[in-house]
Amino acid sequence: MGGAPARESRLQSASHQDLPEPAASGWQSNAAQYNPGPPRAGQFSFIAPSERLGPAIETRVAIVTGASRGIGRAIALRLAADGRLVVLVSRSAEALGAVCREIQQAGGVAEARPCDVADGDALAGLVEDVASTHGRLDILVNNAGITRDGLVLRMSDEDFDTVMQVNLRSAFVACRAAARPMMRGRFGRIINISSVTGIIGNPGQANYAAAKAGLIGMTKSLAKELGPKGITANVVAPGFVETSMLDALSPQLREQVTKTLPVRRFGRPEEIAHAVSFVASDLSGYLTGQVLIIDGGLVC
Ligand code: NAP
């Protein structure tokens, strides 16, 4: 209807010029020179409503945890290609710097902010600082994750707690810190990366499955709590995706699993990023509390 463009411009009030110069704290940004322009050959051509409304409309700011490699890296590249200013988080400053440069060379805008998401105070401080530095926070992708597999009889308390802290508690801490700036902007997209393991379980992954199932319950609660404020909360649950997380799988097990998958292959990180891009878009405001399973048909 006719009222939609006016609402969009209220949601995105400042201009690109209001974005700060790179701070002296070690992170990098080319935000000051940011001008999305028309998509170039090889770039994604999805045009967000903010871009359609012209250059006076500010870029949405996204945080992606676990952005140094694998699925998180692909999500960061994709959101940057969509025209978002992407804040990259993981423990490795060097790897984040490389992803940051990759985004910048493709004409996108990114900042690297090294942080261990298991450190709740550091993570909450980072989220608050991003929101205050840029005057907004629109998209939060909680993707950082680890495994500490073992059969339940042999699983230590430490392995259980570490997985819960990195995979679940960090998402809670980041969502809590992000809720206030998102409420201020009356817009938000929270996307938590779970796993099909959180839905169907997996022998040797009681800790991982518990954390991933916990993300689903938490996300549905956030969807109900924050929906009235214009904030959506959804889960993307991948199946087997080609990243370093699957390095431990033997070739025999890979072959065995592949045969059971309707699409007869493992997923690519870009295919998960595609789902995240869809959920994060301005046009996905009526999608909340959902679990998007991207698994080649493993759970169907
Ligand atoms: P990956 O290649 O091992 O990447 C994991 C990412 O998380 C890295 O960027 C890592 O960066 C970061 N990370 C780990 N611990 C962290 C910590 N304490 N603080 C900050 N960052 C941390 O794994 P992936 O396959 O891309 O997995 C990404 C997400 O998808 C995870 O949540 C995973 O559970 C989920 N998933 C993966 C699959 C799959 O088949 N690959 C399937 C279902 C779900 P640093 O090491 O630099 O800190």
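The values are calculated or read from the model by the stated rules, or taken from the named source; none is laboratory data. This is a predicted model, so every value here is computed, not measured. Glycine gets a Cβ as well: all are built from the backbone with ideal geometry, and neighbour counts include every protein chain shown.
Screening GLY204, GLY239 for residues that are at positive phi, touching an Asp or Glu at 6+ places or on another chain (Cβ under 7 Å) and touching a residue at least 12 places away in the same chain (Cβ under 8 Å) leaves exactly one candidate, GLY204.
Considered as a group, the residues in region 45-66 that are modelled with pLDDT under 95 and outside any loop (DSSP other than H, G, I, E, B) include one that is farthest from the ligand (Cβ to nearest atom), and that residue is ARG52.
Please work out if ASP159 is more than 16 Å from the ligand (Cβ to nearest atom) and touching a residue at least 40 places away in the same chain (Cβ under 8 Å). No. Total residues in region 109-145 satisfying the condition of being in contact (Cβ under 8 Å) with a residue 40 or more places away in the chain, within 14 Å of the ligand (Cβ to nearest atom) and charged (D, E, K, R): the figure is 1.
If the requirement is being within 16 Å of the ligand (Cβ to nearest atom) and either at pLDDT 95 or above or surrounded by fewer than 24 Cβ atoms within 10 Å (Cβ to Cβ) (or both), which of these qualifies: ARG84, ARG40, ARG69?
Numbers: ARG84 fails: within 16 Å of the ligand (Cβ to nearest atom); ARG40 fails: within 16 Å of the ligand (Cβ to nearest atom).
The match here is ARG69.
In region 97-108 there is at least one residue matching the filter, namely being touching a residue at least 24 places away in the same chain (Cβ under 8 Å), under 21 Å from ARG60 (Cα atoms), within 14 Å of the ligand (Cβ to nearest atom) and of a type in the set (Val, Ile, Thr). Could you tell me which residue of region 231-271 is nearest to the ligand (Cβ to nearest atom), considering only residues that are exposed (fewer than 14 other Cβ atoms within 10 Å of the Cβ) and assigned to a loop (DSSP other than H, G, I, E, B)? Looking at the filtered set, the residue picked out is ASP247.
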